[in-house]
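So the structure is just underneath, and the comments pick up after that.
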Amino acid sequence: MKDLHDLSHYPLKLEGPDRPMVSFRNVTKRYGDLVVLDGLNLDVAEGEMVSIIGPSGSGKTTVLRMLMLETIQGGVIYVDGQPLSHMDRGGMLVPATPRHLRAGREQIGMCFQHFNLFPHMTALGNCMEGPVQVLGMSKQAARERAEDLLEMVGMIDKRDEHPARLSGGQQQRVAIARALAMRPKVLLLDEVTSALDPEVIGEVTGVIKKLVEKYRLTIMMVTHQMGFAADISDRVCFFYDGRIEEQGAPADLFSNPQKERTQQFLSAVKSAD
Amino acid sequence: MSYLDFLRDYGPRLLDGTLMTAAQFLCATVLAIAIALIAGLMKLSHNRLIRTPAVIYIEIFRGTSLLVQLYWIFFVLPLFGLTLEKFTAGFVAVGMNLGAYGAELVRGGIQSVPRGQWEAAYALSLSPAKRMWRIILPQALVNMLPPWGNLLIELLKGTALVSLISVADLMFEAKQINGSTFLSAQAFGTALIIYYIFARLIVTPFMRWLERVMARRIGRA
């Protein structure tokens, strides 16, 4: 816990036009004695699409979960310049209260491997829930926003269906619309195609591609689909044993990996395909 | 005396008793649901100061006899300055007792909602209260309706005990009729049938209907 008390060398906030949208500074995540991520440093620029790859247990999903769901044991996370994991108390960084975390996380959207749509609400209801209940939008305004987004992901015809009546690919597209309805500055995609049947993966990757190319949304994506990551990422980070083993532009990392572990991982993935 | 004569003479009293039983049932049900919800949520709290009272409550009311609880509430509480009307004491005892069982159903129902639902609700930045009320509880409710159907039948049968503090319910009337006529088979037999009809033809079908409605609302049917 000593890391928590020595925060004086971390800036209170990140300023300047070049400041990253997301910044992990020396972040450590432990579950009990198990260190999952150790001293992670990672900056994601505004509008950047970063893919996170690596073997299971490498900590790649934990990177996203720290931003959205969990607390950290060391270092500081910033979102859009402001500390998320901590807060400024009279010029000192102190660990964030649950309320501060929740407020900071309003700027972040997240989609999950198993969609996690609310089963008792329609597709439209799922997309209106956040804007109405959290942002305090009127039902009318929230409905218009939700319908625009469902249109964008190609699900407007199914707006009144409950999730149980939608296929996996359809559910995931609704889940993306639900996350976007909060107008997040950052979108986290946690293995969003891993639970899908092969023939519907394209529906979801097509939507993500649109978000990247048309809307320049800042995205952090954990994925097992190397081809897709290579296709749309600005940068790919290869995680191994709780650290970034290697990172770079997809063309470099995939065709000319420098580290032995990266080479092993990529050739193992390739032979599995 | 034929059974039809018996019904003609004593039917109205048995009907009055049945209405009293129905009133006890409804009041106790409302109380049990409210207590179950509050105690079930409290038991899930991470804060010991909130959790402990719920644990103690559930232990006491599940671990001791309903009849003793009823006598406590009606005969002992007045010694501490709290006197309840016998009608009130009746449904309060039954409601508090079954509410303790219901609290465990609420807790189990909430815990059966997949973790991904909590995470998705949190990821939308819903406040803890809205997370519970709008996302988790509606799903928990669907999961816990079938055991609640059982519990309400237990509750109905439990209301027969209020006759012991002279609430003029169905059981009380049957006992009175038996006492004055010694027509035990007719009196208690009719009571038996009415309790059965109440449980099987009113409570159970209503719960089945509610299960169907809720399943439809969640898109499962």
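The values are calculated or read from the model by the stated rules, or taken from the named source; none is laboratory data. On a predicted model such as this, the values are computed, not experimentally measured, just so you know. Please note: Cβ atoms are built from the backbone with ideal geometry, for glycine as well, and neighbour counts cover all protein chains shown.
Set side by side, the residues A:147, A:151, A:129 differ, and just one is assigned to a helix (DSSP H, G or I), within 9 Å of chain B (Cβ to nearest Cβ) and either crowded, with 21+ Cβ neighbours inside 10 Å or modelled with pLDDT of 95 or more (or both), which is A:129. Taking the criterion of being small (Gly, Ala, Ser) and within 7 Å of chain A (Cβ to nearest Cβ), the residues of region B:105-120 that qualify are B:116, B:120. Per the listing B:141, B:66, B:79, the residue uniquely away from chain A (no Cβ under 14 Å) and touching a Gly at 6+ places or on another chain (Cβ under 8 Å) is B:66.
Consider residue A:104 carefully, then state whether it is buried (at least 22 other Cβ atoms within 10 Å of the Cβ), at pLDDT below 95, small (Gly, Ala, Ser) and closer than 19 Å to residue A:20 by Cβ.
Working: buried (at least 22 other Cβ atoms within 10 Å of the Cβ): yes; at pLDDT below 95: yes; small (Gly, Ala, Ser): yes; closer than 19 Å to residue A:20 by Cβ: yes.
Taking the combined requirement at face value, the residue satisfies it.
For the condition in a helix (DSSP H, G or I), farther than 27 Å from residue B:90 by Cα, more than 16 Å from the chain's Cα centre (by Cα) and not charged (D, E, K, R), residue B:215 qualifies. Restricting region A:196-246 to residues that are hydroxyl-bearing (Ser, Thr, Tyr) and in contact (Cβ under 8 Å) with a residue 40 or more places away in the chain leaves a set whose member that is surrounded by the most Cβ atoms within 10 Å (Cβ to Cβ) is A:218. Checked against (1) within 14 Å of another protein chain (Cβ to nearest Cβ); (2) under 17 Å from the mean Cα position of the chain (by Cα), residue B:123 passes all but condition (2).
Among the residues here, residue B:210 does not qualify as more than 14 Å from chain A (Cβ to nearest Cβ), modelled with pLDDT under 95 and buried (at least 19 other Cβ atoms within 10 Å of the Cβ). Scanning region B:99-129 for residues that are touching a residue at least 12 places away in the same chain (Cβ under 8 Å), aromatic (Phe, Trp, Tyr) and within 24 Å of residue A:171 (Cα to Cα) gives a single hit, B:118.
Limited to region A:44-92, what total is found for residues that are part of a strand (DSSP E or B) and either within 14 Å of chain B (Cβ to nearest Cβ) or crowded, with 16+ Cβ neighbours inside 10 Å (or both)? Step through it out loud before you land on a result.
As a first pass, look at region A:44-92 and keep what is part of a strand (DSSP E or B): A:44, A:49-53, A:74-79, A:82-83, A:86-89, A:92.
Adding the requirement that they be either within 14 Å of chain B (Cβ to nearest Cβ) or crowded, with 16+ Cβ neighbours inside 10 Å (or both) leaves A:44, A:49-53, A:74-79, A:82-83, A:86-87.
Total meeting the criteria: 16.
Put simply, of A:243, A:173, A:159, A:216 the only residue that is among the basic types (Lys, Arg) and within 14 Å of chain B (Cβ to nearest Cβ) is A:159. The helices (runs of 4 or more DSSP H) located wholly in region B:36-136 that include 2 or more residues which are of a type outside the set (Lys, Arg) and in contact with a Leu (Cβ under 7 Å, 6 or more places away or on another chain) occupy B:66-71, B:86-111, B:115-123. Only a single item in (1) in a helix (DSSP H, G or I); (2) in contact (Cβ under 8 Å) with a residue 24 or more places away in the chain; (3) surrounded by fewer than 19 Cβ atoms within 10 Å (Cβ to Cβ); (4) over 22 Å from the mean Cα position of the chain (by Cα) is not met by residue B:1, and it is number (1).
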